[in-house]
Amino acid sequence: MDITMESIQLREEYDLFYSEPHEKKELGCIGHLRGDFGSNGKGFFTSWFPHACDEKNDEAFKVVFDRLIGELRAKGKVLENRASMYNFCAKRKDCSLSTHFSDLTWGFRILTQDYAIYLRCTPILGDYNFYAYCYDKETLFHTLAKQRGLPRYCYTHIRTTHENVRIDFAEHGYVPYQHGGTLEEVKKLNEEIGVTPAQKAAMEVGSMFSWNAIGADPKQYNEHGFPVKKKEEREER
């Protein structure tokens, strides 16, 4: 199982490491695992808590989640023990979740094909050391995309390689779709799924630069997908 632990891509994801939003069914939270390493820092004690989408805690989810936790407990990985967690987290300043409770808290996003796992780590004796909140990825990102006026995914054309590719909301980069594609084919694909030129332009910026960038907002573009000029810029002309 290929596990990539990354920082969050959306400001809205910050809350997904905590308890407040989990009873909102539209976010797709299946449940969370809470754990600590015990007084000697080398134990592994956990409890599971179901949430609004507990019906998705089926055999398919259990297989994926159990395997993921197992791999994160391997030697040198974040869940091996408390010391290993601290060493792992301390090197990843971009994943810091410093709060008024502690400066030693980190958060990681792990995406699988069907699930989004938000792992919160606090390698401190006397506190729970980790929480792993589990979401149905399609449900979660569909809701977050809709809140921003964006689609779950869209298509775009890369001129240099003559490829048509798919951009998934809240994810960096793209997924290959069609080699030897054309702009006209991309336009037709997006029309079929209801994606506007403004949304496509915003998705391109988000996937290349940042989903929190101003350019990742579809309101920054007109109906043709071109940037909207500010009033003062038009007056200067």
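Which value in Å is the Kirkwood Rh of the stretch 149-232 over different Cα pairs?
12.8 Å
Work out from phi, with θ = phi - 60° and the Karplus expression 6.51 cos²θ - 1.76 cosθ + 1.60, the ³J(HN,Hα) of each residue of the stretch 174-187, listed in order in whole Hz, and give x for Gly and Pro.
Computed from phi, the couplings for the stretch 174-187 are 8, 10, x, 10, 8, 7, x, x, 10, 4, 5, 5, 5, 4 Hz.
Once you've got the GNM for the chain with C-alpha springs shorter than 10 Å, pick whichever of Thr139, Thr160, Thr196 has the biggest mean-square fluctuation.
The residue that fluctuates most here is Thr160.
Magnitude of the Cβ-charge dipole of the chain, K/R +1 and D/E -1, about the Cα centre, nearest 20 debye?
The calculated dipole for the chain is roughly 540 debye.
I need the phi-derived Karplus couplings for the stretch 32-38: 6.51 cos²θ - 1.76 cosθ + 1.60, θ = phi - 60°, integer Hz, Gly and Pro marked x.
9, 9, 10, x, 8, 9, x
Report Rg(Cα)/(2.2 N^0.38 Å) for the stretch 5-142, keeping two decimals.
For the stretch 5-142, the normalised Cα radius of gyration comes out at 0.99.
Please report the equivalent ellipsoid semi-axes of the chain, computed as sqrt(5 x eigenvalue) of the Cα gyration tensor, largest first, in whole Å.
38, 20, 17
Coordinate-derived values only; no laboratory data. What you are looking at is a predicted structure, and each value in this text was computed from that prediction instead of being measured. Glycine also receives a Cβ, built like all others from the backbone with ideal geometry; neighbour counts cover every protein chain displayed.
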